[in-house]
Amino acid sequence: MNLAAKSQPASQQDFILHLNVFEGPLDLLLYLIEKNRFTLESIDVCPIIEQYLEYIENIRSLNISLAGEFLEMASYLIWLKSCLLLPGTGEDEQDDKINPAEELKEMLIAYRAIKLASSDLRDRPILFMDKFPRGEPQGGKKLPEIGIGALLEAINTIRKRTRLYVMETHSTPFGIREMMARIWRMLGENKKIALNDVIDSRTKTEYIGTLMAALEMSKASLARLMQKELFAKIYIVKR
Amino acid sequence: MIFCTSGSLAVKDIMDVLPGVSEDRLDLMVSDLNTVYKESGRSFRIDKASNGYMFVTREEYAPYIKSLLPRTRLSPASMEVLALVAYKGPCTKHSIENIRGVDSTSSLKHLLRLKLIDIKPGKPMNYITTKRFLEMFGLDSLSDLPDISQFEEIFAEDDLAAQEDNND
């Protein structure tokens, strides 16, 4: 495959044919390493990086969309190349010994092992693909075994279907108007009352209702709300 | 008994009906049956997987049967993810994507749908292979899989071969 000859349609076609074969950037790198007849032990990283980047460029010039991971790898490789080209600082000799190419090598070894394992797995005769069991007898439907994955998928399906938001409505024991009336009555006896005194049971709903009632009264200029400082008691005062 | 069962017949269930027959003896009997089937040119045999026996068709006949049934597809990407879960399971989506270097969402969804993997209860979300996986790939348990270091070693052998080629 001649990556350099962009102008020749034959090699471009050849190029396109090869595109879908790669599962990802690591796959492409392994291909390039093999093509260059390197071994992972004695890999010459720089030419591999060059070829990888050239490959990516070719794809982009053909306006074919690339998975993001290929581009991420490209920028990682550019960084790696610059690491290798820069001379060592000399101060921290120990740190320089950690060859950044080692990280890449490890990734490639790990991926290659899985690739081989998966093709070994695929080579086994697989039920429903290479060998087939007896068909299900008519009648007597078995309940399928449900795994967690299936349950989650079912929940997702239901969620997507019913795009209704279920609102929980609590019935309030007091309407705001009634609360306002109550506060007004209490203000009739005492010009200044504490918000806490208005409330019977200490439910959250009641607190909120009472506060809202007080605010409404304040808005209607029926009362004033006073609070000395943050988190201090709130007082309702008749106007 | 195996013939009457849809799917596979668990060894335990056989032993319930036929107490006093050891598992080894069962294996021998099945092996004998298979020899008879092979010699008489039968198109099937009895396979053992996931601690159960089932009748299966011989691989030669797959092309004919495939056209009858809906296809089960396993792309190379799905196979890679499956191998990862089998060898390194339980594992997270994150660790899968770290090793493969690509997004593995669609493969995971596909494998979940095929019931080859499932989600292990607990946090973080881990994937594991299922009994169906064992059944489909003819394994009794995950330890029947070859050792993964073997695949790292194979690489070394290829390396040696390549090095020799380079030296020529």
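Coordinate-derived values only; no laboratory data. All values derive from a computational prediction rather than experimental measurement. Backbone-built Cβ (ideal geometry, glycine too); neighbour counts: all protein chains shown.
Just give me the residues in region A:195-221 being over 17 Å from A:Gly175 (Cβ atoms), surrounded by 14 or more Cβ atoms within 10 Å (Cβ to Cβ) and touching a residue at least 24 places away in the same chain (Cβ under 8 Å), in sequence order. Residue satisfying the conditions is A:Leu195 alone.
Would you mind listing the helices (runs of 4 or more DSSP H) fully within region B:48-106 where at least 3 residues are out of contact with any strand residue (DSSP E or B) (no Cβ under 8 Å at 6 or more places or on another chain) and buried (at least 19 other Cβ atoms within 10 Å of the Cβ)?
Values: elements: B:62-66, B:76-88, B:93-100.
Helices (runs of 4 or more DSSP H) meeting the threshold: B:76-88.
Need pairs with beta-carbon distance below 6 Å; first residue more than 10 Å from chain A (Cβ to nearest Cβ) and within region B:128-146, second surrounded by 14 or more Cβ atoms within 10 Å (Cβ to Cβ) and assigned to a helix (DSSP H, G or I); sequence gap 6+ or separate chains. These pairs meet every condition: B:Thr129/B:Val85; B:Thr129/B:Ala86.
Taking every residue in region B:53-75 that is more than 9 Å from chain A (Cβ to nearest Cβ) and pairing it with any residue that is in a strand (DSSP E or B) and surrounded by 13 or more Cβ atoms within 10 Å (Cβ to Cβ), at least 6 positions away or on another chain, the pairs with Cβ-Cβ distances below 6 Å are B:Tyr53/B:Leu9; B:Tyr53/B:Ile46. Among the residues making up region B:8-42, a single one is without any contact (Cβ under 8 Å) to a residue 12 or more places away in the chain and within 21 Å of the chain's Cα centre (by Cα): B:Ser31.
Residue-wise test of (1) over 17 Å from A:Leu108 (Cα atoms); (2) exposed (fewer than 15 other Cβ atoms within 10 Å of the Cβ); (3) within 14 Å of chain B (Cβ to nearest Cβ); (4) not aliphatic (A, V, I, L, M).
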residue	(1), (2), (3), (4)
A:Leu29	no, no, yes, no
A:Ile43	no, no, yes, no
A:Ile59	yes, no, no, no
A:Leu62	yes, yes, no, no
A:Leu66	yes, yes, yes, no
A:Glu69	no, no, yes, yes
